[in-house]
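Structure record follows, encoded as structure tokens.
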Amino acid sequence: MSTAEPHPQEAGSQEPEPKIVAFLCNWCSYAGADLAGISRIQYPASIRVIRVPCSGRVDPFHILKALQSGADGVLVSGCHPGDCHYLTGNYVARRRFAVLNDLLEFAGIDPGRVSFSWVSAAEGERFAEVVREVTEKVKALGPNRKLVKEPAS
């Protein structure tokens, strides 16, 4: 028999952290996340990072697949407008994001589950702030029940 205290989430004293998939641009947002880590800036451990060459490479189907696979929220973060390593990739991502919001609303999924942000390589604190905001927003929405594919029995 173990005398260890139960984990706070297991004891019911705290609500569980949401699962958030973060698609981060290699050149800016991923480097911003790295800076936050190197600088020991605290932010929720609710995100799982997927490093992409550019935010413009994130297909809306990747976002839908993340939600279908059980993610409670998705964050797509790229370079600031005008600073894209690939010149216009972040503009492409912004247009896709606008269309995706309409699709999510049509499908009955709260568009607040998917967030888009601009974070540069020098903005470690900004990255941590974005993660905190997204986590709070998704936590307020509760667990994702839409689109989630149930395992075959």
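Readers should treat all values here as calculations from the given coordinates under stated rules, not as data from a laboratory. Everything numeric here is computed off the predicted structure, so don't read it as measured data. Using ideal geometry, Cβ is built from the backbone for each residue, glycine included, and neighbour counts are taken over all protein chains shown.
For His85 and Glu133 in one chain, what is 0.36 nm times their gap in residues minus the Cα-Cα distance, to one decimal in nm?
14.7 nm
Per 0.36 nm of contour for each residue apart, how much would the distance between Val148 and His62 grow if the chain were fully extended, relative to their Cα-Cα spacing?
29.6 nm
Kindly write out, for region 116-132 in residue order, the coupling ³J(HN,Hα) from the Karplus curve 6.51 cos²θ - 1.76 cosθ + 1.60 (θ = phi - 60°), rounded to whole Hz, with x marking Gly and Pro.
10, 8, 10, 9, 8, 5, 8, 10, x, 5, 4, 4, 4, 5, 4, 4, 4
In the chain, if the dipole is taken from +1 on Lys/Arg beta carbons and -1 on Asp/Glu beta carbons about the Cα centre, which of Val119, Leu35, Pro53 is farthest to the positive end?
Result: Pro53.
Could you order the peptides 17-29, 43-55 from most to least packed, using the average number of other C-beta atoms within 10 Å per residue?
Descending mean neighbour count gives 17-29, 43-55.
Can you match P(r) over Cα pairs in 10 Å bins from 0, in percent to one of these, (i) 9, 33, 31, 15, 7, 3, 0; (ii) 12, 44, 30, 12, 2, 0; (iii) 11, 38, 33, 14, 4, 1, based on a calculation from the structure here?
Entry (iii).
Given a Förster radius of 41 Å and the C-beta distance between Asp102 and Gln42 as r, what FRET efficiency does 1/(1 + (r/R0)^6) yield to the nearest 0.05?
Efficiency, rounded to the nearest 0.05: 0.70.
Given N residues in region 71-153, what is Rg(Cα) / (2.2 N^0.38 Å)?
Computed over Cα atoms of region 71-153, the ratio equals 1.25.
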